[in-house]
Amino acid sequence: MNNVIEIIPLVGINWEGKSVCLQAAREEIINILGTPYGAFGKSIYYFQNDLRIDFDGNGRAEFIEFLGGIDGKLQPEVYGVKAFEARADELFNILKMNNNGEINDNENGYSYGFLNISVGIFRERTPEDVREMIEEAEEEGEELEQEDLEYEKRKAEHWATIGIGVKGYYL
């Protein structure tokens, strides 16, 4: 997909002239996006699992999440910034500024929930994890492959997922 995918917190997503809104009915979303790539529980998936939409007990969309990270097929933008291509601290600061309030940060840098705008971001490792990995390897006299090290750094410096929920989703 080459067109811009716009994430609009508390509203939904837009791209290619289509809008998928939070609180839309499951059937409405399927009419817009077509047959899901897969489904599990109250979730449907599109684009080889790069996009997940969760539904509440009434069959209404309550959460939309992009799961592919920097290497994924879908590269969404939020507040004019490419969510996965931006450095983790850059996206964090933009979301913090737009949230203008409390942030759930109880996962020590792996994920954050921006409560006022119902946006969540997640990554599997932090820059501190990579530093510790390097230190441990040095202490054990091991040499890390440069390619592996660059991969780990890249994953720590970018978010792996970004999701939006209905108002109060992260409370």
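The values are calculated or read from the model by the stated rules, or taken from the named source; none is laboratory data. All values reported here derive from a predicted model rather than from experimental measurement. Here Cβ is always computed from backbone atoms with ideal geometry, including for glycine, and neighbour counts include all displayed protein chains.
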Restricting attention to the stretch 73-91, report how many residues are of a type in the set (Phe, Trp, Tyr) and under 17 Å from GLU157 (Cα atoms). 1
Could you check how many residues of the stretch 114-165 are closer than 29 Å to GLU6 by Cβ and in a loop (DSSP other than H, G, I, E, B)? 12
Does ARG52 qualify as being surrounded by 13 or more Cβ atoms within 10 Å (Cβ to Cβ), closer than 17 Å to TRP159 by Cβ and basic (Lys, Arg)? yes
Residue check for ALA61: out of contact with any Gly (no Cβ under 6 Å at 6 or more places or on another chain), outside any loop (DSSP other than H, G, I, E, B) and in contact (Cβ under 8 Å) with a residue 24 or more places away in the chain: yes
Can you find, within the stretch 73-87, the residue that is surrounded by the most Cβ atoms within 10 Å (Cβ to Cβ) among those that are more than 11 Å from the chain's Cα centre (by Cα) and not in a strand (DSSP E or B)? ALA86
So in the stretch 127-166, with the set limited to residues that are among the charged types (D, E, K, R) and under 17 Å from the mean Cα position of the chain (by Cα), which one is surrounded by the most Cβ atoms within 10 Å (Cβ to Cβ)? LYS155
Pick from PHE84, PHE40, PHE92: which is in contact with a helix residue (DSSP H, G or I) (Cβ under 8 Å, 6 or more places away or on another chain) and modelled with pLDDT of 95 or more? PHE84
Looking at VAL4 and the list (1) within 16 Å of the chain's Cα centre (by Cα); (2) of a type outside the set (Lys, Arg); (3) at pLDDT 95 or above, which single condition is not satisfied? (3)
Return the pair list, or none, for Cβ contacts closer than 6 Å from residues in the stretch 138-164 that are among the aliphatic types (A, V, I, L, M) to residues that are in a helix (DSSP H, G or I) and surrounded by 10 or more Cβ atoms within 10 Å (Cβ to Cβ), at least 6 apart or on different chains. LEU144/ALA137; ALA156/PRO127; ALA156/VAL130; ALA160/GLY69
Quick one: how many residues across the stretch 62-72 are among the β-branched types (Val, Ile, Thr) and buried (at least 18 other Cβ atoms within 10 Å of the Cβ)? 1
So which of ILE32, ILE7, ILE44 ends up being of a type in the set (Val, Ile, Thr), farther than 23 Å from PRO127 by Cα, surrounded by fewer than 16 Cβ atoms within 10 Å (Cβ to Cβ) and out of contact with any Cys (no Cβ under 9 Å at 6 or more places or on another chain)? ILE32
What is the one condition in (1) out of contact with any Ser or Thr (no Cβ under 7 Å at 6 or more places or on another chain); (2) in a loop (DSSP other than H, G, I, E, B); (3) not charged (D, E, K, R) that LEU95 does not satisfy? (2)
